[in-house]
1. Run the numbers on chain C and let me know its relative contact order in percent, using alpha-carbon pairs under 8 Å that are six or more apart.
2. Determine the distance separating the Cα centre of the range C:299-320 from the Cα centre of the range A:20-39; give it in Å without decimals.
3. For the range C:198-325, report the translational diffusion coefficient in µm²/s to the nearest whole number, using Stokes-Einstein at 25 °C, 0.890 mPa s, and a Kirkwood Rh over Cα pairs.
4. Which one, B:L49, B:V183, B:A74, projects farthest toward the positive side of the charge dipole computed for chain B from Cβ point charges (K/R +1, D/E -1)?
5. Within the range B:8-237, what percent of beta bridges assigned by DSSP are antiparallel, to the nearest 5?
6. Suppose R0 equals 51 Å. What FRET efficiency, 1/(1 + (r/R0)^6) with r the Cβ-Cβ distance, do C:D213 and B:Q89 give to the nearest 0.05?
7. Alpha carbon centre of the range B:273-334 versus the range B:42-76: separation in Å?
8. In peptide A:246-256, what is the residue-averaged number of other protein chain Cβ atoms found within 10 Å of each Cβ?
Amino acid sequence: MTNHTVSPRPTFAGYLATRWRDWSVTASAVVLALVVGAVVMIVADAEVAANFAYLFTAPGLALGSAWAKVSTAYSALLLGAVGSPLALAQTTAAAAPLICAGLAVGLAFRAGLFNIGAQGQAIWGSILAAYVGFAVQLPPVIHLIVAVAAGVLGGAVWGGIVGWLKAKTGAHEVIVTIMMNYVANGLLAWLLSTALFMRPGRQDPISPEVHPTAAFPVILGQLHVGFFVALAAAGAVWWLLDRSTIGFAIRAVGANPNAASTSGMSAARTTIITMTIAGALAGLAGAQSALGASATGTPVPLTVGLVGTVGFDAITVALLGRSKPLGIVMAGLLFGGLSAGGLAMQSIAQTPLTLTMLLQALIVLFVAAPQLVSTLVPILKARTSRVAVAGGQA
Amino acid sequence: MSAQTTGLQLKAITKKFGSFVANDAVDLDVRPGEIHCLLGENGAGKSTLMNVLYGLYQPDGGEITIDGSRQHFANPKQAMAAGIGMVHQHFMLVDVFTVAENMILGREPGLVVDMKAARTRVQELSARYNLPVDPDATIEALPVGIQQRVEILKALANDAKFLIFDEPTAVLTPQEIDELMIVMQKLRDEGKGIVFITHKLREVRAIADRITVLRRGKIVGSAEPGASEAELAELMVGRAVDLSVDKAPARVGEVRLRVADLSVANPIGAVVVDSISFDVAGGEILCIAGVQGNGQSELADALLGNTPVVSGSINLDGADITHAKPRETILAGVGFVPEDRQHDGFIGSFTIAENLVLNRFDRPPFAKGLSLDLAAIHANAEQLRDEFDIRTPDVTNRGSSLSGGNAQKVVLARELSRELSLLIASQPTRGVYVGAIEFLHKRIVEERDKGTAVILVSTELEEVEALADRVLVMYRGKVVGIVASDTPRDVMGLMMAGIPYAEALAVSQADDASAGKDHS
Amino acid sequence: MKKSLIAPPMFGAFALALGGCATPPAATTAAPAASTSTVPVSDFKACMVSDAGGFDDKSFNETSYAGLTKAKTELGVQSAEVQSKNDADYARNVQAMVDAKCNIIVTVGFKLGDATQAAAKKNPEIKFAIVDYAYDKPQANLKGLVFNTSEPSFLAGYLAASLTKTGKVGTFGGMNIPTVTSFMDGYARGVAQYNTAKGKSVAVLGWSSAKKDGSFVAAGPEGFGDVAGGKKLAAGLMAQGADVLLPVAGPSGEGALQAAQASGGKVASMWVDTDGCVSASKYCAVIPSSVGKAMDVAVFEAIKAAKDGTFNNDVFVGTLANSGAYLAPFNQWDSKVSAETKAELEKIKADIIAGTIKTTA
């Protein structure tokens, strides 16, 4: 007893314990969301719900119809997300912008910044990437690179402005980014009404199609090179955060700005750098939307809603991925899968789109409230404490 | 002991956090009319035990009895109702409220706040325990000692029979400490049972009726009030500790740091360092003594470059660093041990290895261009771990896994592991157990002997006496005087209250003459 | 423990049974669809893809969807539909409907123009129709369904001018796009017609035919989903004296109805796309009339033609003449519109159909 162990737990077991907990909370969240989604499906379907009035008289009818409803929907979800190479390709296509924008939010999170502005940054990314894509003639490959670079630059500037404002004036990044989203959206709408962007012969706010030279080359179905660019971006962010001096400063400022500043790091400089890189990543997400192949094999022309809500979905992706690059890739794929699978649920099982969105929201809700998940899934709790006890005995 | 039925008893209290056992079958009893000192190094489990007693934590084992009847406290409210009062180390007071408002905080009877009754209550309690406070004064306007008095009155307002004082002296001046001691003795004489938590041996010896020593969550023994500091220290750390620092006389070299007419303002514009001038030579330790909050922290921050200088100049080795940023002063060879290491010196979520390069991570040998050299960072950490005896099984553990003393060793190791021209160490041993204090002191003296100019900011006179070559006493942002380190403690105490040296010396001598005995 | 295991399903069943009882509208609308015993069930499959507004947008997606529902019940066709979330999803959503083996795919909104055309090229055996969009040279299997809303809007403007007591009428749009501004422009021209005919000078706030610009809730598509924003614009127009409004802003237009209702009879607000007394019935008292686009009719006709084998690629233009665009009944305002005005409106309608009155520039 005199030889008391210094550390209360061995590191490897501890590492496994925390990892296990993170993954199992997320997995439980997905399962719970699916369960709640199933209940909603049953309740929302008048026919199925009506059958529950006969639950005791004819249980087979009620349970059978409920099972049919839910299993059709979820097998469609699975089929649409991972059921075939083409389905997988569609998942990756939906995931690519989410991963990039998720990285933009996650990176900022790590520096203690709440980047609500990935939306505006992505919008700028889409504007510039699309513009270079349709207005400029360049040889293949070079055209794509220039278009992507333009999108990245657009996002970087839009994000960098936020970082600069925060560093120099102390303006809160949440307020600024929200406002910048509106500005970006308004500017896009305006640009689409100008001759510069409006498609000749059209009066609708829609741009010309980008030249094929600027599109991400298609590999299979909707799987295009952009997805691998997104993975590379995740790798780059991992390197940046875990292996570079910039990332060291970003993490330090995020974890303890006082200690960082006492150690000679400049919080202002780090804020500007972080927001610029985050903006660049969101800009890449916008470029993905503008230059990535749609189901027709060509990119979608620039419209006001081209990037959709990628900047806001990115917040949930980053949250789900715990602001770690690998986690964000997984979360992006999960949401990409929900998007692709959700489409199949609609077209095959005739489940409304809102259910897919509900599932996404529930997953995030359950992840954000691990306490709730832990309570709802007692086995998880038991398992966690067992790991801890085992660690203590080692 | 189990036969005893009066007073407060903790029996075999066990409290675990995950696999960490903070309290391991701890027995403790407190009788009415005694001061029971709970002595232990930081992280020994004293605060955990008291939080169990106060209903903030639920124990995993053991029981609490009061006068023989078993108690269960699900929350502090129940503990208060059972007659337990707590004087927190960090006051649980609302700064912008008045004393009377703070008194009724949390026990507002209905929708209508009866301020008149609250005021009367304050006056009653003040009179009864002879703790004068103005019921209408706002807390933030009061000196720390008086704030603590309000905290004590709050605890007493519930007719507490047992009072827990959690490290009450950490924030007080020597004079205030003496006054607190008198208050505690008076409360004891009134029949209150008092638990006094501290790691300061001098205070324990001055006031305790009984002493229980806690180490690593266990009771390791009890001692009589007459026990010597060395005996107590040995109980605390498990071996004999030499409190005095074995240091050679300073070999004072050239002046390295020159501070002239330096003024610093706080963020709201108030002058907190007021035209200060002093020099520090290589090879000497200048202690900056003073009660917390008299401008020492801001002075240290200004020297580092973390707080803008309003006027005056700072000169290091002939170079003007008045307006240099921390990055530049660090490059110029300023080593900085911040006062609040959790807040300013340390990143809990970073690994120990990362913490050890916090101000050098972007330069060789720890970085190649933009890329961190993890191997070099790891090797550096392993070397410093051995050199500074940082107790951790793995330098890739998080910084937050370290105890206070080991965390401070990390900070000090980081600063001392490079060439320094000036070391600024603020409260380097605050919250550090005795064993580590000795080690930290030794390293600071070694740094001095390398020819570095050392500034040590400390509010603990023992530390000042042990380390200083010269002592600069600060009061309200000004220099009261720069005196030799062997200046009597009571003179220094008076200077810390703003009384100039000559006057303080006179007062002290008059006191000694009339009392005919010395204080320490 | 056992008890608690049994309780939740019982409770759930109870709640579900109650839920079923509590939603009679859903049950009744579902009933005819489920028991289409009078109509023979067909193998023909009609499908629809919404734009990002979704089928519940109380606007063109919803009305178009009503056409699909009507085809389902009256023609006995199979159906499927996909709601879009992002503009980037249109192509794959159309493709999903192709994969679902639809015989006709109706897409809603100009934003689906490219995706629909591409799919039509790729799948010549499938018929395509697109609401609110027309191609110059469409594929043989691709039909545009557009609406000349300036015609009924012209009537609405004339009506508004006859009703105003302040001499000022107002309009605003959700977003500055042609499908919105054609309403506003027609409305303003209708007012001008009234002024010329009567020698009056009723002013139009919120749109200028000369400048081709006016008031819009927002620059982007969110302008269609912002009731508060619509209400603010309506209040602004009211403050300037307008007492008959025409909001052309999808759901945002409800803000104008709210503002009109709050005015206590001083201000009236028209409705667009559908008869407001049907789709926003609680505001019927303040709605003199509505400018309707019979998208449901157009969609239904396109599906019917495809089923019957009479589908062609001629652009369908909804006009007053073919009732694809119409001025809705006056409903509760019937007594407030003078017989004179009613007669004049009939005359103008005939003139527009005859081409003697131009409703556009």
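1. On the way: 753 pairs, mean separation 58.7, N = 361.
Dividing the mean separation by the residue count of chain C yields 16 percent.
2. Computed from Cα coordinates, the inter-centre distance equals 47 Å.
3. Numbers: Rh = 16.3 Å.
D, rounded to a whole number, is 150 µm²/s.
4. B:A74
5. Details: 21 of 40 bridges.
Around 50 percent antiparallel, to the nearest 5.
6. It comes out at approximately 0.15.
7. Here the two parts' Cα centres lie 45 Å apart.
8. Per residue, the average neighbour count from other chains is 4.
The values are calculated or read from the model by the stated rules, or taken from the named source; none is laboratory data. Note that the structure is a prediction, hence the values are computed from the model and not measured. Note: ideal-geometry Cβ built from the backbone for every residue, glycine included; neighbour counts use all protein chains shown. Protein only, heavy atoms only, side chains kept; ligands, DNA and RNA dropped before computing areas. Shrake-Rupley method; radii C 1.70, N 1.55, O 1.52, S 1.80 Å.
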